[in-house]
Amino acid sequence: DCERRAASGNVFRPGILAQRYTRNPDHLARKLPVLENIPGFQRAVVLGPNGELLAGYPGGPDENRKYGDTLGKVFKAAIECSLRMDISTFEKGVFQSKEGVTFLTVVDRLQIAVLCSSKSKTNRVLADVHKFLEHDLYT
């Protein structure tokens, strides 16, 4: 039922944040440097409701496009797996490897990825990203 409703577009409609930042991605791009305060921060990428690159930091759209394309595939797989396992929609996840930590979250259909070095403390990354989402993204 969830897949049927999602396919028809009845479940996932962009909310206020997605509409605001899709119309004005420069405003979103100006907020991303705040994430640089996370120890081990390397990059932040935000994709829109349709998987399009809205903003990335550091660098501009051209530099972040390859990250956006790759992370878009990761988000798509995570969202599809969540639906297939019937555990509702994907909200957040953490991928850890020897090279780094990637925190993925979906907020109001905005797909936000924060990449950090392997030396980053996962709990600290989660807390700082949550703080960014709760305080900086909504203002």
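Some points to look at:
- Ranking by accessible area, most exposed first, for 23, 109, 65, 30 with a 1.4 Å probe: 23, 30, 65, 109
- Amide N proximity, the stretch 105-131 versus residue 92 label position 7 Å along Cα-to-Cβ, cut-off under 11 Å: 105-107, 123-131
- Put 38, 79 in order of accessible area, highest first, and with a 1.4 Å probe you get 79, 38.
- Over the chain, DSSP H runs of length four or greater, each weighted -39,500 (n - 2.57), average out per residue to a 222 nm ellipticity of -12500 deg cm²/dmol.
- Alpha-carbon spread of the chain, three principal axes, descending order, Å: 42, 33, 28
- The residues neighbouring residue 21, those whose beta-carbon lies less than 14 Å from its own, together hold a net charge of +1 under the Lys/Arg +1, Asp/Glu -1 convention.
- For the chain, the relative contact order comes to 26 percent (Cα pairs under 8 Å, sequence separation of at least 6).
- Cα gyration tensor shape of the stretch 43-103, rounded if a/c is under 1.5, else prolate or oblate by comparing a/b with b/c: oblate
- Computed over neighbours whose Cβ is under 11 Å from that of residue 57, the net charge equals +1, Lys and Arg +1, Asp and Glu -1.
- Residue-level accessible surface for residue 73, protein heavy atoms, 1.4 Å, Å²: 150 Å²
- Built amide H within the under 5 Å cut-off of residue 43, gap 5+: 115
The values are calculated or read from the model by the stated rules, or taken from the named source; none is laboratory data. Fair warning: this is a prediction, and the values are worked out from it, not measured in the lab. A quick note on method: Cβ atoms are made from the backbone with ideal geometry, for glycine too, and the neighbour counts reach across all protein chains shown. Heavy atoms of the whole protein, side chains included, go into the accessibility calculation; ligands, DNA and RNA do not. Shrake-Rupley method; radii C 1.70, N 1.55, O 1.52, S 1.80 Å.
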